[in-house]
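K.L.:
Would you mind keeping the following structure in view while I ask a few things?
The values are calculated or read from the model by the stated rules, or taken from the named source; none is laboratory data. Fair warning: this is a prediction, and the values are worked out from it, not measured in the lab. Here Cβ is always computed from backbone atoms with ideal geometry, including for glycine, and neighbour counts include all displayed protein chains. The protein model used for the area step is the full one, side chains on, heavy atoms only, and it has no ligands, DNA or RNA in it. Shrake-Rupley method; radii C 1.70, N 1.55, O 1.52, S 1.80 Å.
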Amino acid sequence: VMATLETDIATLATPVDEATFADVTERVLFSLAALAGLAQESVVRGPSWRFLDLGRRIDRATLLVRGLAATLQPIPTTELAGPIGEVVLAANESLVAYRRRYRTDVDPLLLLTSLLTDGANPRSVRFQLVQIADHLQSLAELGDVTRSVTLLQRCHDHLSGVSVDGIDLAVLSERLDELEESIRTTWFAGARERRTSLLYAMSRE
């Protein structure tokens, strides 16, 4: 899967015609879906898998929050709310789930509820935060996760206590960035320094 991805991405880095672009892009999406399936169904749930899924969950939450901020904050006019909402839901694999649950035209507030606070929607921010909490709890056996847990709770708190249209998505995005940074510095900063030292020593030889 990775070899196919590398080949296709290299192809996309060069000028291609429209038909080739569409074909290669479809293969990239197929490979990414295959990779996600392998990670979820075939990888032992050890620390390595948890770090992999942690990154995936944080990335998904961050991209979703920034996408919602760019499209639905402030709420668009009535004429634009429906078309924009459908695009946002489709981009986040939630259009069918929205239709099944609400059985209405796309309403911005219901959309924000579905993608921000609905813990039953595997694409929502709330769902990502719950999964992150589970990973941090398991990784606590290997290191100090206190700061990360505190920052995660701040993200949870930001989603609670106000209506969905009152959630400041810019602030939530900043808090997700802080959470990502705390995980990176806790678990990977030392590894980067050791790797840099090793490369320096090898270059001296």
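K.L.:
For a test of the definition: using alpha carbon positions, the gyration tensor, and the 1.5 limit on a/c, classify the stretch 63-173 as rounded, prolate or oblate.
P.N.:
On the way: a/c = 2.71, a/b = 1.94, b/c = 1.40.
Verdict is prolate for the stretch 63-173.
K.L.:
Keeping all protein chains in the complex and leaving out DNA, RNA and ligands, what accessible area do you get for residue 51 with a 1.4 Å probe, in Å² to the nearest 10?
P.N.:
50 Å²
K.L.:
Could you give the distance between the Cα centres of the stretch 108-176 and the stretch 47-69, to the whole Å?
P.N.:
Answer, in whole Å: 11.
K.L.:
At what distance in nm do the modelled label points of residue 2 and residue 34 sit from each other, each positioned 7 Å from its Cα along Cα→Cβ?
P.N.:
1.5 nm
K.L.:
Count neighbours as other Cβ atoms within 10 Å of each site's Cβ, and list the trypsin sites (Lys or Arg not before Pro) in the stretch 1-60 that are DSSP loop with at most 16 such neighbours. Display every interim value, and only then the final one.
P.N.:
Numbers: sites: 27, 45, 50, 56, 57, 60; in loops: 45.
Hits after loop and neighbour filter: 45.
K.L.:
Something else now. Hull surface divided by four, with the convex hull built on the Cα atoms of the chain: how many nm²? The partial results should precede the final answer.
P.N.:
On the way: hull surface 62.6 nm².
One quarter of the hull surface, i.e. the mean projection, equals 15.6 nm².
K.L.:
Run lengths n ≥ 4 of DSSP H only: what is the helix-derived mean residue ellipticity at 222 nm for the chain, with -39500 (n - 2.57) per run over all residues, to the nearest 500? Mind dumping the intermediate values first?
P.N.:
Details: 10 runs with 152 residues, N = 205.
For the chain, the value works out to -24500 deg cm²/dmol.
K.L.:
What relative contact order, as a whole-number percentage, does the chain give when Cα pairs under 8 Å and 6 or more residues apart are counted? It would help to have the intermediate numbers written out before the result.
P.N.:
Values: 149 pairs, mean separation 38.6, N = 205.
Across the chain, relative contact order equals 19 percent.
K.L.:
Roughly how much of residue 9 is accessible, in Å² to the nearest 10, using a 1.4 Å probe?
P.N.:
100 Å²
K.L.:
Can you find, among 94, 104, 82, the residue farthest towards the positive end of the dipole of the stretch 48-139? Put +1 on the C-beta of Lys and Arg, -1 on that of Asp and Glu.
P.N.:
94
K.L.:
Just flag the GluC sites (Glu not before Pro) in the stretch 139-188 sitting in loop per DSSP whose Cβ has no more than 10 other Cβ atoms within 10 Å.
P.N.:
Working: sites: 141, 174, 178, 180, 181; in loops: 141.
When the GluC sites (Glu not before Pro) of the stretch 139-188 are filtered for loop state and at most 10 Cβ neighbours within 10 Å, 141 remain.
K.L.:
Now for a different question. Check which residues have an amide H placed less than 5 Å from residue 118's amide H, if you skip close sequence neighbours.
P.N.:
Those qualifying (amide H under 5 Å, at least 5 residues apart or on another chain) are 126.
K.L.:
Tell me, what HN-Hα J-couplings in whole Hz come from the Karplus equation 6.51 cos²θ - 1.76 cosθ + 1.60 at θ = phi - 60° for each residue of the stretch 30-37, using x for Gly and Pro?
P.N.:
4, 5, 5, 5, 5, 5, 5, x
K.L.:
About its Cα centre, what dipole magnitude does the chain give when the only charges are +1 on Lys and Arg Cβ and -1 on Asp and Glu Cβ, stated in debye to the nearest 20? It would help to have the intermediate numbers written out before the result.
P.N.:
On the way: 21 positive and 28 negative charges, 131 e Å.
That gives a dipole near 640 debye.
K.L.:
Apply the a/c threshold of 1.5 to the C-alpha gyration tensor of the stretch 40-107 and tell me whether it is rounded, prolate or oblate. Can you show the working numbers first?
P.N.:
Working: a/c = 4.57, a/b = 2.04, b/c = 2.24.
Oblate, since a/c reaches 1.5 and b/c is not below a/b.
K.L.:
What is the sum of charges around residue 20, taking Lys and Arg as +1, Asp and Glu as -1, for the other residues whose C-beta is under 14 Å from the C-beta of residue 20? Before the final figure, lay out each step's value.
P.N.:
Details: positive: 27; negative: 8, 17, 18, 23, 26.
For residues surrounding residue 20, the net value is -4.
K.L.:
With Cβ to Cβ distances under 9 Å as the rule, what net charge do the other residues near residue 158 carry (K, R +1; D, E -1)? Please list the in-between numbers first.
P.N.:
Working: positive: 154, 175; negative: 157, 168.
Here the charged neighbours net out to 0.
K.L.:
How big is the accessible area of residue 42 in square angstrom, nearest 10, if you roll a 1.4 angstrom probe over the protein chains?
P.N.:
Solvent-accessible area, nearest 10 Å²: 90 Å².
K.L.:
From the phi of every residue in the stretch 103-113, what ³J(HN,Hα) in whole Hz does the Karplus formula 6.51 cos²θ - 1.76 cosθ + 1.60 yield, where θ is phi - 60° and glycine or proline is x?
P.N.:
With coefficients 6.51, -1.76 and 1.60, one gets 6, 9, 4, 5, 10, x, 5, 5, 4, 4, 4 Hz.
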